[in-house]
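> Pasting in a structure now, in structure tokens, and then I'll have a few things to ask.
No value in this document is a laboratory result; all are computed from the given coordinates. Everything numeric in this text was worked out from a predicted model, so none of it was measured. Cβ: placed from backbone, ideal geometry, glycine included. Neighbour counts: every protein chain shown.
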Amino acid sequence: MQRISSLAELDLWRGRLHGETLGFVPTMGALHEGHLSLVQLSLDRGAKTLVSIYVNPTQFNNPEDLAKYPNTLEKDLEMLEAMGCDAVFLPTAEMLYPEGLKSRAFSFGCLDLNMEGAGRPGHFEGMATVVTKFFELIQPDFAIFGEKDYQQLCIVRHVVAEENWPVEIVPGPIVREPHGLAMSSRNLRLSEVERQEAATIYAVLSKVCAEAERFEGVEELKSHCVEALNAVPSLTVEYIECCDEKELQPMGELDPKTPTRLFAAVQCGNVRLIENLPLF
């Protein structure tokens, strides 16, 4: 596996592809089986596969989150090499932001008006800025983004379409721990008790999705989720939303004919967790 630490090395490695398909998996490190499943999707397509590891400051609206983001670089590299990943790009801030750490402006339509967009100002601008910088430098044929960050996935698709990036965006399914908790680098910060209690998020939401027809409306469904989750000692609900899958707008009523997802952000101790599941 090639470890790429400069733009010159990246250009040299890309020049050796000779027209082979290039798959790209952007990460911030602290890799887990969810990340590795995205890498495997690229490898399964028969593509040369490049993974980036870069903790992007511009998408953290909470400095404490940035400071506490886990760093497991050597373990990450060992896992990627064992999988047969072709290359890992380890850029510095100076490579990606030669004019200083700042995000550029984007038009996300209505995709950033709710949920993470409402509660984390600047987050999606920072994410989209670094993603488009990667697209410019790496020039992948396709890039893989996990469905755990479903709103992010929708926004990346939108930016690619709006700005005509020649990159196919491939979704990767959520990978879960045995008790249902969606795998996340943030899980490393949970105590054992918090980890067990965090599994309630999936348990409650999946049961609601399976029994959606018993609720009289959206507000009753959301209230049920909030009450059930807030009853767990370490959990505090930030939001529960039912949104259509395409535009991510809150649903006024439960409509089985409209593809809909159930979204949640829940504070577990000092760790903020997000979740989503298909409702209809």
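> Return the loop-located GluC sites (Glu not before Pro) in segment 193-280 (DSSP other than H, G, I, E, B) with at most 14 other Cβ atoms within 10 Å of their own Cβ; answer none if there are none.
211, 216, 247, 253
> Considering only the other residues whose Cβ falls under 15 Å of the Cβ of residue 60, what net charge follows from Lys and Arg at +1 and Asp and Glu at -1?
On the way: positive: 68, 102, 120, 186, 189, 272; negative: 64, 65, 116, 125, 149.
Charge balance near residue 60 sits at +1.
> Please list 3J(HN,Hα) in residue order for segment 170-183, calculated via the Karplus relation 6.51 cos²θ - 1.76 cosθ + 1.60 where θ = phi - 60°; whole Hz, with x for glycine and proline.
10, x, x, x, 5, 10, 10, 6, x, 8, x, 4, 5, 5
> Equivalent-ellipsoid semi-axes (√(5λ), Cα gyration tensor) for segment 158-199, whole Å, largest first?
34, 11, 7
> Here's a follow-up. Mind listing the long-range amide H neighbours of residue 2? Cut-off is under 5 Å, sequence gap 5 or more, other chains count too, H placed in the peptide plane at 1.01 Å from N.
For residue 2, whose amide H was placed from the backbone, the distant partners under 5 Å are 87, 88.
> Once you place label points 7 Å from the Cα toward the Cβ at residue 55 and residue 94, how far apart are they in nm?
2.0 nm
> Also: Under 20 Å Cα-Cα from residue 75, which aspartates and glutamates qualify once same-chain neighbours fewer than 8 residues away are excluded?
33, 86, 177
> Tally Lys and Arg at +1 and Asp and Glu at -1 over the other residues with C-beta under 11 Å from the C-beta of residue 234: what net charge comes out?
-1
> Here is a follow-up. In percent, how large is the relative contact order of segment 2-172, given Cα pairs closer than 8 Å and 6 or more residues apart? Mind showing how you got there, number by number?
Working: 244 pairs, mean separation 49.0, N = 171.
Once divided by the residue count of segment 2-172, the mean separation gives 29 percent.
> What ³J(HN,Hα) values, in whole Hz, does the Karplus curve 6.51 cos²θ - 1.76 cosθ + 1.60 give for segment 131-147 when θ = phi - 60°, with x put for Gly and Pro?
With the stated coefficients, segment 131-147 comes to 4, 5, 4, 4, 4, 5, 7, 8, 6, x, 7, 8, 9, 10, 10, x, 6 Hz.
> In the chain, what is the volume of the convex hull around the alpha carbon atoms, normalised per residue and reported in Å³?
Convex hull of Cα atoms, per residue: 132 Å³.
> Binning every alpha carbon pair distance of segment 175-280 at 10 Å from zero, what are the percents per bin?
In order of increasing distance, the bins hold 15, 49, 29, 7, 0 percent.
> How big is segment 42-118 by Rg and Dmax over its Cα atoms, in Å?
Rg, Dmax (Cα atoms, Å): 16.1, 41.
> Trypsin sites (Lys or Arg not before Pro), restricted to segment 1-64: which are DSSP loop and have at most 13 other Cβ atoms within 10 Å?
Listed in order of number, the matching sites are 16.
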